[in-house]
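Working notes, structure below.
The values are calculated or read from the model by the stated rules, or taken from the named source; none is laboratory data. Here the structure is a predicted model, which means the values were calculated and not measured. Positions of Cβ are generated from backbone atoms using ideal geometry, with glycine treated the same way; all protein chains shown enter the neighbour counts.
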Amino acid sequence: MSVQNPLDPNVAPPAPQAKTTAGKGLGIAALVVGIVALALCWVPIVNNIAAVLGFIALVLGIISLVVASKRRGSKGLGIASSIISIVAIILVFATQAAYVKAIDEVANDIADASDGEVAAPAEVIEQAEDESQVLALGEAATVGEYSVNVSAVNLDAGAEIAKANEFNEKAEGQYVLVDLSVVYNGDEEGDAWLDLNPELVGSDASIYSTGSATAVPAKPGMDLPTLANGGKGSYQVVFDVPAEAVEDAKIRVSETISFSDESVLWATK
């Protein structure tokens, strides 16, 4: 009886066992679910579902790897689906953190602006401090489709506001009354009190909107009629600001809806 020598070059080595399809079905399922999770992870609210799908894909991928290892199946699908599902899960948490941060910032901005006061951006403060960019009272400038003129400013208008309407309450700080004159240059029709956004840039590095005051002036903007091209009108706006804000305050007028953030500043005295 002869014994074959495994090192004998004349004897062919045993053929390697062929790969099986073990774990392939689970791998395909994991890959599909993982891709869906990856696609949905960017969508707010829906990405909560993406997180669940990502975990399901990861579990299926791991099971696919285990089955493939034990039964000589291909591990490619299991590895790919596991990687994709892990990436999807990470992106879900990252995008949710970004969305929460954005929502918090918006909520804080709304809370800050609810009383008509927000911190002035650095570029607005720089513009207010540059005398060459600040117009004198009575000078006109173009703001959107309007020629705007801040004709007068009363920095301590408590008595005038009380006289304008018997229901006006006393200011929490002090009332600042601003007279605006406008000429509409647009092709259609314009409502200046809606189209223009007058604000007070205070000496305290804050910006005050007309929402800072509930008082009604003698000539409110809502009484100004709709203007056609070349139409003229004048109205008043009121601010309720701390006394320390008026020392070197500026009146800022911009478009209510604008993509350029352009504005014009006027001195108050």
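Among the residues of the range 178-230, write down those that are in a strand (DSSP E or B) and over 23 Å from Gln127 (Cβ atoms).
The answer is Val183, Tyr184, Gly190, Pro220, Leu227.
Given the criterion closer than 30 Å to Pro242 by Cα and either among the small types (Gly, Ala, Ser) or modelled with pLDDT of 80 or more (or both), identify the matching residue among Gly116, Gly78.
The match here is Gly116.
Keeping to the range 124-142, report how many residues are outside any loop (DSSP other than H, G, I, E, B) and under 21 Å from Tyr184 (Cα atoms).
Summing the residues that are outside any loop (DSSP other than H, G, I, E, B) and under 21 Å from Tyr184 (Cα atoms) in the range 124-142 gives 4.
Would the range 247-268 turn up any residue that is within 21 Å of Glu126 (Cβ to Cβ), out of contact with any Leu (no Cβ under 9 Å at 6 or more places or on another chain), modelled with pLDDT under 95 and assigned to a strand (DSSP E or B)?
Yes, the range 247-268 contains a residue that is within 21 Å of Glu126 (Cβ to Cβ), out of contact with any Leu (no Cβ under 9 Å at 6 or more places or on another chain), modelled with pLDDT under 95 and assigned to a strand (DSSP E or B).
Filter the range 143-177 for residues that are among the basic types (Lys, Arg) and in a loop (DSSP other than H, G, I, E, B) and give the result.
Within the range 143-177, just Lys170 meets the criteria.
What number of residues in the range 37-74 are over 19 Å from Ala94 (Cα atoms), at pLDDT below 85 and surrounded by fewer than 19 Cβ atoms within 10 Å (Cβ to Cβ)?
5
Please list, ordered by first then second residue, the pairs with beta carbon atoms under 7 Å, 6 or more apart or interchain, first in the range 230-252 and within 11 Å of Val201 (Cα to Cα), second at pLDDT below 95 and among the acidic types (Asp, Glu).
Cβ pairs passing all conditions: Ala245/Asp204.
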